[in-house]
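Heads up, the thing below is written out as structure tokens.
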Amino acid sequence: MGSASQASGVATAKPPMTTAPATQGGGGAGNPRLDDAFRRTYVAITLQLSRLQLLQLRDLNEQFGDDLEKGMIACALISGGLGATLNNPLEALHRLGVDGLPERTGQASIMRAQGIRELAELTGLPRETVRRKLHQLETNGQAERKGRSGWTYVIHGGPTERALQRDRMRQLLLGADQIRALLELAAERLS
């Protein structure tokens with residue numbers, strides 16, 4: 001099996017492989033070429049995904065003071081709160097503007113509040129742990145209670161937070177490029 005850098009130089013006239021899931025809704029046919037390439041590169045892809053997950057966990061651990069549970073809850077607040085109201089990146093750009101940040105006063109209009117039960121289900125943590133960690137996030141200025149409707153994450157968007165997110169984005173894009181290169185190399189060898 002070649003390296004990702006070798007694969008990136010391979011030119012092919014074949015149509016690009018789709019990265020859509022092999023099945024949708026538990027049925028339906030996937031892309032056979034992608035499925036075969038995945039089977040042949042499973043170990044290499046598993047290694048790359050594990051590296052990406054480790055980097056993300058390390059960053060979360062550092063950002064939330066060696067408390068991964070707090071990091072999990074913050075991620076659940078962000079993904080559940082924004083994901084429910086901003087269905088795709090273009091919608092997010094349109095609603096948030098060029099800066100990509102909600103105005104502090106307008107944040108509630110795009111960030112859906114989530115209750116402790118929902119956060120416990122999303123994270124797999126006990127409700128009491130979620131409650132305790134939310135209060136810690138609130139003390140640190142990272143979460144806000146919205147009355148009876150639940151909690152939201154506070155997006156600061158300062159230089160440190162932006163640099164951290166930019167680094168995470170680069171890690172994910174590099175990892176995705178390496179996985180794509182592995183799959184394309186395997187597909188090339190299959191043909």
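The values are calculated or read from the model by the stated rules, or taken from the named source; none is laboratory data. Every value quoted in this text rests on a predicted model; they were computed, and no experiment measured them. Virtual Cβ from ideal backbone geometry, glycine too; neighbours counted across all protein chains shown.
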Taking region 125-167 only, how many residues are assigned to a loop (DSSP other than H, G, I, E, B) and of a type in the set (Ser, Thr, Tyr)?
0
Being of a type in the set (Ser, Thr, Tyr) and either loosely packed, with under 14 Cβ neighbours inside 10 Å or farther than 13 Å from Gln63 by Cβ (or both) is the filter; apply it to region 142-160 and report the residue that is modelled with the highest pLDDT.
Thr152
Which ones in region 125-156 are within 17 Å of the chain's Cα centre (by Cα) and not aromatic (Phe, Trp, Tyr)?
Ile155
Output the residues belonging to region 125-139 that are surrounded by 13 or more Cβ atoms within 10 Å (Cβ to Cβ) and among the polar types (S, T, N, Q).
Thr129, Gln136
Region 63-82 residues that are within 18 Å of Gly157 (Cα to Cα), paired with ones that are assigned to a loop (DSSP other than H, G, I, E, B) and aromatic (Phe, Trp, Tyr) (beta carbon under 8 Å, 6 or more apart):
Gly71/Phe64; Ala74/Phe64
Pick out the one residue from Arg180, Arg170 that is charged (D, E, K, R), at pLDDT 85 or above, assigned to a helix (DSSP H, G or I) and under 25 Å from Leu68 (Cβ atoms).
Arg170
Of Leu119, Leu134, Leu101, Leu86, which residue is modelled with pLDDT of 90 or more and farther than 25 Å from Leu54 by Cβ?
Leu134
Looking for something buried (at least 16 other Cβ atoms within 10 Å of the Cβ), at pLDDT below 60 and not in a loop (DSSP other than H, G, I, E, B) - is there at least one such residue anywhere in region 36-51?
no
